[in-house]
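Enquirer: Pasting in a structure now, in structure tokens, and then I'll have a few things to ask.
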Amino acid sequence: MEQFDRLIEQLEAFRGKTALYAQNLVTGQILRYHAGERFLAASVIKIPILATCFEQIERGAMDPNEKFTVHPVDKMPSCGALSYMHDGLQVTAEDLYTLMIILSDNTATNLLIDRLGTAAVNAFLDGQGMVGTRLNRRLFEPELARKGVENVIVPEEIGRMLASMEAGTLISPGASQAMLDILKNQRLNGKIPVLLPPGTPIAHKTGEDSGITHDVGIVYGPQPFVLCLCANGVEVGPFERAMQQIARELYDAWQ
């Protein structure tokens, strides 16, 4: 595919570690570039946390209406909304996993990690055959980070998880659709969506940190496709512009 060669050339031009995983959900065509390697996860790890919540809801181990109280010690730096709300605010599990995705709320994320436990998230990932993607700690634990304890993702594994959601086979058809509905409400839309035709639906999740930028999701073009673009150790601004261009090139190629 000539277009794919151009995409790879764009990615190879960057210093740092970059990856692409794309899957046409109509034809089944898959494009890979370093998609099986591990990357520092940033906020993309929130997708497996979301899925674990729904798996527990499905089997009765979590109630979406379960109440949580947000205390000052729980409040994490941006992104998100909960850290700006009054102390003692009560929210539900559904509030937490929704905010964790659509605003990438870090306070909500840590409250859910505390509720689920890292072992439960990793056991769910094991059950999906996702042996490279791992939740190893809460967010904002600098002492563990200094020791090299990091959350990691494998772009292809995340891509397969998204494809399973769209197929209705991740946990259950109802759970898959509910997760997609949340991902479609994403408020952080400065990467993959920017150059797509106005109004193009996309269910996605971003991630960013120093030298890290990711966007992974499903683009609902004429031929819907999964797209995972991930980078560690790059100059973020130029890479994000490349992400926008690659998304549009794939959209046009797969009409």
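The values are calculated or read from the model by the stated rules, or taken from the named source; none is laboratory data. Everything numeric in this text was worked out from a predicted model, so none of it was measured. Cβ: placed from backbone, ideal geometry, glycine included. Neighbour counts: every protein chain shown. Accessible surface areas use protein heavy atoms only, side chains included; no ligands, DNA or RNA. Shrake-Rupley method; radii C 1.70, N 1.55, O 1.52, S 1.80 Å.
Enquirer: Do we find a residue being open to solvent by 60 Å² or more (accessible area, probe 1.4 Å), hydroxyl-bearing (Ser, Thr, Tyr) and more than 12 Å from the chain's Cα centre (by Cα) anywhere in the range 158-177?
Expert: Scanning the range 158-177, I find at least one residue that is open to solvent by 60 Å² or more (accessible area, probe 1.4 Å), hydroxyl-bearing (Ser, Thr, Tyr) and more than 12 Å from the chain's Cα centre (by Cα), so the answer is yes.
Enquirer: Still on this structure, please answer the following. Among the residues of the range 90-140, which ones are open to solvent by 40 Å² or more (accessible area, probe 1.4 Å) and aliphatic (A, V, I, L, M)?
Expert: Leu103, Ala119, Ala123, Val131
Enquirer: While we're looking at this one, here's another question. Working only within the range 226-250, note down all residues that are in a helix (DSSP H, G or I), touching a residue at least 40 places away in the same chain (Cβ under 8 Å) and among the charged types (D, E, K, R).
Expert: Listed by number, the residues that qualify are Glu240, Arg248, Glu249.
Enquirer: Taking only the range 190-223 into account, find how many residues are touching a residue at least 12 places away in the same chain (Cβ under 8 Å) and either outside any strand (DSSP E or B) or within 17 Å of Gly80 (Cα to Cα) (or both).
Expert: Restricting attention to the range 190-223, the residues satisfying the condition of being touching a residue at least 12 places away in the same chain (Cβ under 8 Å) are 190-197, 200-209, 211-223.
In the following step, the residues that additionally are either outside any strand (DSSP E or B) or within 17 Å of Gly80 (Cα to Cα) (or both) were identified as 190-197, 200-201, 204-209, 211, 220-223.
Total meeting the criteria: 21.
Enquirer: Give Ile212, Ile182 a once-over and let me know the one that is open to solvent by 10 Å² or more (accessible area, probe 1.4 Å), within 27 Å of Asp5 (Cβ to Cβ), modelled with pLDDT of 95 or more and of a type outside the set (D, E, K, R).
Expert: Ile212
Enquirer: Still on this structure: Could you list, in sequence order, the residues of the range 195-209 that are farther than 21 Å from Leu99 by Cα and open to solvent by less than 70 Å² (accessible area, probe 1.4 Å)?
Expert: Within the range 195-209, Leu196, Pro197, Thr200 meet the criteria.
Enquirer: Checking Glu9 against (1) more than 30 Å from Asp114 (Cα to Cα); (2) open to solvent by less than 70 Å² (accessible area, probe 1.4 Å); (3) assigned to a helix (DSSP H, G or I): exactly one of these is not met. Which one?
Expert: Of (1) more than 30 Å from Asp114 (Cα to Cα); (2) open to solvent by less than 70 Å² (accessible area, probe 1.4 Å); (3) assigned to a helix (DSSP H, G or I), only one is false for Glu9: (2).
Enquirer: Only residues that are of a type in the set (A, V, I, L, M) and either open to solvent by 50 Å² or more (accessible area, probe 1.4 Å) or free of Cβ contacts under 8 Å to residues at least 40 places away in the same chain (or both): list them for the range 54-65, please.
Expert: Ala61
Enquirer: Would you be able to tell me the number of residues in the range 162-199 that are under 17 Å from Ser43 (Cβ atoms) and aliphatic (A, V, I, L, M)?
Expert: 6
Enquirer: Being in a loop (DSSP other than H, G, I, E, B) and either touching a Leu at 6+ places or on another chain (Cβ under 7 Å) or open to solvent by less than 10 Å² (accessible area, probe 1.4 Å) (or both) is true for just one of Ala51, Ala35, Ala22. Which residue is that?
Expert: That would be Ala35, the only listed residue that is in a loop (DSSP other than H, G, I, E, B) and either touching a Leu at 6+ places or on another chain (Cβ under 7 Å) or open to solvent by less than 10 Å² (accessible area, probe 1.4 Å) (or both).
Enquirer: All but one of (1) over 21 Å from Cys230 (Cα atoms); (2) in a loop (DSSP other than H, G, I, E, B); (3) within 16 Å of the chain's Cα centre (by Cα) hold for His86; which doesn't?
Expert: Of the numbered conditions (1) over 21 Å from Cys230 (Cα atoms); (2) in a loop (DSSP other than H, G, I, E, B); (3) within 16 Å of the chain's Cα centre (by Cα), the odd one out for His86 is (3).
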